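S.K.: One structure follows; several queries about it will come next.
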Amino acid sequence: MSVPSIAARLGHRFADPNLLRTALTHRSFGTPNNERLEFLGDGILDCVIAAALYARFPDLPEGDLSRLRANLVRQDTLHRLALDLELGAALRLGEGELKSGGAQRPSILADALEALFGAIYLDAGFEPAAATVLRLYAPLLDALIPGKAGKDAKTGLQEWLQGRKKPLPRYLLLETSGAAHAQSFTVACELADPPLRTQGRGGSRRVAEQDAAEKALEALTT
């Protein structure tokens, strides 16, 4: 995917294309790279998500708000959003990272997405950067349930099934691929009642199981 295509998916037209290019440049490619922009974007993301949760849930105590924020800004969540944007296809990586699957590595994709938030801030200011964050996070924010603050997908799925006296899910490892330092796992989540099978992927088996559970819970509750 081209660099301009990523800008279009983000919904921001860069006045300074060099900022966009730098945000998509991993340190393995050379300098300037996106590490400083990632630092900036991380702070912007924390602020925007904290403000959104504060406004959305006026009665939640600080502890619940903190857990919700932690789940939303963690690497797993950023990785999924980056995959939806097909961000990996636009990254500039060194030859070694390209060969080892760096374009799909959760840490690299998550850092690049935060770097993009930082780049938008430098290019146009806080409001456009915040708008981009909120646009990408809108489905996740809309799906939050205050009473379930901080609960992960596997816990949520288990509680949904237990509350209806249904059998608990089974998680099956379907595939492991990639080099030892950059493995990708594919896991199935199988339900007996109601009959349902979803698949999840991630940089660890735990992440893949969470992804599969999230898809199962979404199918059951929508």
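S.K.: Taking just the alpha-carbon atoms of segment 1-54, what radius of gyration and Dmax come out, in angstrom?
M.R.: 13.0, 39
S.K.: Roughly how tilted is helix 126-142, in degrees to the nearest 10 and between 0 and 90, from the longest Cα axis of the chain?
M.R.: Value to nearest ten degrees: 20.
S.K.: Same structure, new question: Quick one: grab the alpha carbon gyration tensor of the chain, order the square roots of its eigenvalues as a ≥ b ≥ c, and give me rounded if a/c is under 1.5, else prolate or oblate depending on whether a/b is larger than b/c.
M.R.: It is oblate, given that a/c is not under 1.5 and a/b is not larger than b/c.
S.K.: Against the longest alpha carbon principal axis of the chain, how many degrees, from 0 to 90 and to the nearest 10, is the axis of helix 75-85 turned?
M.R.: 70
S.K.: Work through the residues other than Gly102 whose Cβ is under 12 Å from its Cβ and net out their charges, Lys, Arg +1 and Asp, Glu -1.
M.R.: +1
S.K.: Measure off, as a whole percent, the carbon and sulfur share of the 1.4 Å-probe accessible area of the chain, all protein chains present.
M.R.: In the chain, the share of accessible area belonging to carbon and sulfur is 53 percent.
S.K.: For segment 43-139, what does the relative contact order come out to in percent, with C-alpha contacts under 8 Å and a separation of six or more?
M.R.: 32
S.K.: Student exercise: in the chain, how many lysine pairs 8 or more apart or on different chains have Cα atoms under 26 Å apart?
M.R.: 11
S.K.: Helix 153-163 versus the longest principal axis of the chain: what angle, 0 to 90°, nearest 10, using Cα atoms?
M.R.: Around 20 degrees separate the two axes.
The values are calculated or read from the model by the stated rules, or taken from the named source; none is laboratory data. All values reported here derive from a predicted model rather than from experimental measurement. Positions of Cβ are backbone-derived with ideal geometry, glycine not excepted, and every protein chain shown enters the neighbour counts. Surface areas here come from the heavy atoms of the whole protein model, side chains and all, with no ligands, DNA or RNA. Shrake-Rupley method; radii C 1.70, N 1.55, O 1.52, S 1.80 Å.
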